[in-house]
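None of the figures in this text is laboratory data; all of them are computed from the coordinates on show. Every value quoted in this text rests on a predicted model; they were computed, and no experiment measured them. Note: ideal-geometry Cβ built from the backbone for every residue, glycine included; neighbour counts use all protein chains shown.
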Amino acid sequence: MPAADPALNAQCLGRLNLRAGEYVLLVPGGGTGHPGAADAPAIVAGGARAIAQRGYSTVLTGAAPGDGRDPPRLERTALLPLGELCELIRSARLVVCNGGDTLLQTLACGRACVAVPIAGDQAHRIARCVRAGLALPAALDARSIEQTAVSLLEAEPLRAGIEQRLRRCPVRNCMDEVLAALEALLG
């Protein structure tokens, strides 16, 4: 995980005309479907449109261009470099993510999130985070994504509690340590 970069943060927020703490960020992952969930990007985009229609500034990453019918509060971006993505995560009011790498990145950035299982291995990971009070789950359904996100946006004490738990028990990316250990074993 890249360290926080205030200059990059300001650049990312400025490019999208965003203010820290005032937008919902949807990060469905790499922007492609998974076996059994090929329509996941379109479903998450539907959730993003519904959240924006409720009046929340919304950013959908890794998204195909809209068809001209997106609500004015919805901004779509292409896939972002990890540093830029992390800065948008750090400044979001709420993140909607999948249950893979983006879930762990969101938790490591200390942000409350709604996690949506897209790939087959993600439901178990999401369930563990939910049991620990670190995330809320939503089904891979636009209405479920919208309802869960809006309920968390409107329940400030719940959202603040999640972020407080993340500060007390920080999640961090240990991939460098894992790779170093594997290299030592194989080297």
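Distance between the modelled labels on residue 181 and residue 82, one decimal in nanometres: 1.8 nm (7 Å Cα→Cβ projection).
Dividing the mean sequence gap of close Cα pairs (under 8 Å, 6+ apart) by how many residues the chain holds gives a relative contact order of 22 percent. Placing R0 at 22 angstrom, the Cβ-Cβ distance between residue 7 and residue 174 gives a FRET efficiency of 0.25 after rounding to 0.05.
In the Gaussian network model of the chain, springs joining C-alpha atoms below 10 Å, which of 102, 58, 77 carries the largest mean-square fluctuation? Largest GNM mean-square fluctuation: 77. Relative to the longest principal axis of the Cα atoms of the chain, helix 156-168 runs at roughly 20 degrees. Placing +1 on the Cβ of every Lys and Arg and -1 on the Cβ of every Asp and Glu, with nothing else charged, gives the chain a dipole about its Cα centre of roughly 560 debye. Farthest toward the positive end of the dipole of the chain, out of 105, 77, 132, is the Cα of 132, where the dipole comes from beta carbon charges about the Cα centre. Please build a GNM for the chain, connecting alpha carbons under 10 Å apart, and tell me which residue among 14, 83, 47 fluctuates the most. Fluctuation is largest for 14. Between the Cα long axis of helix 40-53 and the first principal axis of the chain there is an angle of about 50°, rounded to the nearest 10. Taking the Cα atoms only, what angle lies between the long axis of helix 122-131 and the longest principal axis of the chain, rounded to 10 degrees? Helix 122-131 and the main axis of the chain meet at about 90 degrees.
Comparing 68, 29, 99 in a Gaussian network model of the chain where C-alpha atoms under 10 Å apart are linked, the largest mean-square fluctuation is found at 68.
Quick one: length gained pulling residue 39 to residue 128 fully straight, 0.36 nm per residue minus the C-alpha distance? Before the final figure, lay out each step's value.
Values: separation 89, 0.36 × 89 = 32.04 nm, distance 2.51 nm.
Computed gain between residue 39 and residue 128 is 29.5 nm.
Recomputing mean projected area of the Cα convex hull in nm² from the coordinates shown identifies the correct label among (i) 10.4; (ii) 12.8; (iii) 11.3 as (iii).
Under a plain spin-label model, where a point goes 7 Å from the Cα along Cα-to-Cβ, how far apart in nm are residue 101 and residue 167? In this crude label model, residue 101 to residue 167 measures out at 2.9 nm.
DSSP beta bridges confined to the chain are antiparallel in about 5 percent of cases.
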